[in-house]
Amino acid sequence: MVHILARISFRPEAAAQGLTIMTELAAKSREEKDCISYQLYQQAQAPHIFETVEEWTDQGAVDTHMASPHVGAAVAAAGPLFGAPPEILPYTRLA
């Protein structure tokens, strides 16, 4: 199992657009056959910052996800609205 944590920061004035993009991305990602879990969070004090907590069956599933049309569409829509480059990192679950 592969765990991915991603921080996606939009410009503050683009928080509502970011929410729409991220919500759609999460819904489509959950439909992927090798997605075990895909959770989306929004910072309470900074609503333009989102985190995803993802679980995939293996690295191949992550690679397929990242190359999927819905990820490409989300990146294309979100790119001009980013406040910082996305941070997408694998983690090892410890407890």
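Counting only helices (runs of 4 or more DSSP H) that fall entirely inside the chain and contain at least 2 residues that are surrounded by 14 or more Cβ atoms within 10 Å (Cβ to Cβ) and out of contact with any helix residue (DSSP H, G or I) (no Cβ under 9 Å at 6 or more places or on another chain), the qualifying elements are 15-30, 59-66. Residue pairs whose Cβ atoms lie under 8 Å apart, sitting 6 or more positions apart in sequence or on different chains, and linking a residue in the range 11-35 that is in contact (Cβ under 8 Å) with a residue 12 or more places away in the chain to a partner that is of a type in the set (D, E, K, R), are S29/E54; D34/D58; C35/E54; C35/E55.
For first residues located in the range 64-77 and free of Cβ contacts under 8 Å to residues at least 24 places away in the same chain, partners that are in a loop (DSSP other than H, G, I, E, B) and surrounded by fewer than 16 Cβ atoms within 10 Å (Cβ to Cβ) and lie 6+ apart or on another chain with Cβ distances below 9 Å form the pairs V75/P86.
Quick note: the coordinates plus some simple rules give every number you see, no bench work behind them. None of these values were measured; they are calculated from a predicted model. We place every Cβ from the backbone using ideal geometry, glycine too, and count neighbours over all the protein chains shown.
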